[in-house]
Amino acid sequence: MTFATALSFFFAASLMALLPGPDNLYVMAQSLRQGWRIGFMLILGLCSGLVVHTGIVAFGATELVARYHWFYLLINIFGGCYLLYLAYLLFNAGPITQTQQSSDMLRPAQAYRRGVIMNLSNPKVIIFFLSFSQPFINVERGNVSLQYVQLAILMIIATMLVFGTISVFADHLGANLKKSARAQRIFNRVSACILCLLAISLLLKLLIS
């Protein structure tokens, strides 16, 4: 892969990571509540799931996903329900102040697990990575699997950098947010409603298709 191709893909992947979605929204919400360290554990979990998804594409297992359509649908349904569950937890999350912590705060290992589950329960990541990376693959340059691996690494780095920036920025905002319990409740419930809408949209698309 040429440097120009790698740079173009990295820039495109960074822009895609900035687009609003359940992953970066949840990272932002939890970073506002608990700081960048919990946000980073979520990001590590999300990127661990991304390793699995991009690995499936790189090693040619995408045909299995297409062949077993019922399994693909089952994972999508689980993913939609899991988003609804996270929305419920966020909607009912208690306020956090500078001196008082909420009983429902995430532990680092718990945040990591949630990130992994969020990513693995979204099989559309496989389809997205396959279609998104296809224009950057050049069969004439040799091993296609190796090119997919290179693109996967670039996508993971771009995701970590963009989501990490969002987490740090949200952590700084969170210092002011912790001064007002009412503002926290409003933010948590608005974020929960957006997650809920995304989950319902996913489930409705499955029913229509």
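The values are calculated or read from the model by the stated rules, or taken from the named source; none is laboratory data. Since the structure is predicted, the reported quantities are computational estimates derived from the model, not experimental observations. Methodologically, a virtual Cβ is constructed for each residue, glycine included, from the backbone with ideal geometry; neighbour enumeration extends over all protein chains shown. Heads up: the accessible areas ignore ligands, DNA and RNA and are worked out on the full protein's heavy atoms, side chains in. Shrake-Rupley method; radii C 1.70, N 1.55, O 1.52, S 1.80 Å.
Here are some notes:
- Across the chain, the relative contact order, built from alpha-carbon pairs under 8 Å that are at least six residues apart, equals 44 percent.
- A Stokes-Einstein calculation at 20 °C with viscosity 1.002 mPa s, built on the Kirkwood radius of region 103-150 over Cα pairs, returns a diffusion coefficient of 160 µm²/s.
- Sites C193 and S8 - FRET efficiency at Förster radius 45 Å, r taken between beta-carbons, to 0.05: 0.80
- FRET E, pair N92, L206, Förster distance 25 Å, beta-carbon r, rounded to 0.05: 0.45
- Calculated diffusion of the chain, Stokes-Einstein form, Kirkwood radius summed over Cα pairs, 37 °C and 0.692 mPa s, µm²/s: 182 µm²/s
- Percent carbon-and-sulfur accessible area, the chain, ignoring ligands, DNA and RNA, probe 1.4 Å: 70 percent
- Highest-first arrangement of 176-185, 195-204, where packing means the average Cβ count within 10 Å: 195-204, 176-185
- Using θ = phi - 60° and Karplus 6.51 cos²θ - 1.76 cosθ + 1.60, couplings along region 152-168 (whole Hz; Gly, Pro as x): 4, 4, 5, 5, 5, 4, 4, 5, 5, 5, 5, 5, x, 5, 4, 5, 5
- Once both labels are positioned 7 Å from their Cα atoms along Cα-to-Cβ, the gap between V51 and A175 label points is 3.3 nm.
- Rounded to the nearest 20, the Cβ-based charge dipole of the chain about its Cα centre (Lys and Arg +1, Asp and Glu -1) stands at 640 debye.
- Based on protein heavy atoms only, the chain ends up with 55 Å² per residue of surface accessible to a 1.4 Å probe.
- Computed with a 1.4 Å probe on the full set of protein chains, the accessible area for F10 sits at about 60 Å².
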